[in-house]
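*Asks:* Okay, here's the structure, questions in a sec.
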Amino acid sequence: MNDKEVIVYISNDCLNCEKLLSQLKQWKIKYTTRNVTENQEYIKQLHERDVFGTPTTLVDDHVICGSQINKIKYLLGMSNNHQSYFSSFYDRYSSYCN
């Protein structure tokens, strides 16, 4: 359905991670998961981007922290609205989560 590279960083026992993956499956989006609990290299990859939590989604080279569904849809070309409930929080306090 999409021609963008989607990578989702997850961790074990993360309810928000499970919900996000379920949503991506529902949309029939191809994605790769990287479990930071099972592979320490993935934690290093997130830290290099100044990201310290999961879920974190990369759509091509755009970083979306948390479950910001509208931003993910926007970056996938599924919506023309990128605002989400947490958008103003991340826009104000974090330059790496866009």
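*Asks:* For H62, what residues show an amide H to amide H distance below 5 Å, using hydrogens built from the backbone and excluding near sequence neighbours?
*Replies:* Close amide H contacts, sequence-distant or interchain: none at all.
*Asks:* So what J values fall out for region 63-78 if you push phi through Karplus, 6.51 cos²θ - 1.76 cosθ + 1.60 with θ = phi - 60°, rounded to Hz, Gly and Pro as x?
*Replies:* Values per residue, Gly and Pro as x: 9, 10, 8, x, 9, 8, 4, 5, 5, 5, 4, 4, 5, 8, x, 9 Hz.
*Asks:* Now for a different question. For a Förster distance of 22 Å, can you work out the FRET efficiency between the beta-carbons of F52 and E5, rounded to the nearest 0.05? Mind showing how you got there, number by number?
*Replies:* On the way: r = 22 Å, r/R0 = 1.01.
Efficiency for this residue pair is about 0.50.
*Asks:* Could you go through region 48-57 in sequence order and give the Karplus-derived ³J(HN,Hα) for each residue, using 6.51 cos²θ - 1.76 cosθ + 1.60 with θ = phi - 60°, rounded to whole Hz, and x for Gly and Pro?
*Replies:* 4, 9, 6, 10, 10, x, 10, x, 10, 10
*Asks:* What is the set of long-range amide H partners of T37 at a cut-off below 5 Å, with H atoms built 1.01 Å from backbone N?
*Replies:* Correct list: N12.
Rule-based calculations on the coordinates, nothing more; no lab input. Since the structure is predicted, the reported quantities are computational estimates derived from the model, not experimental observations. Cβ sites come from the backbone with ideal geometry, for glycine too, and all protein chains shown count toward neighbours.
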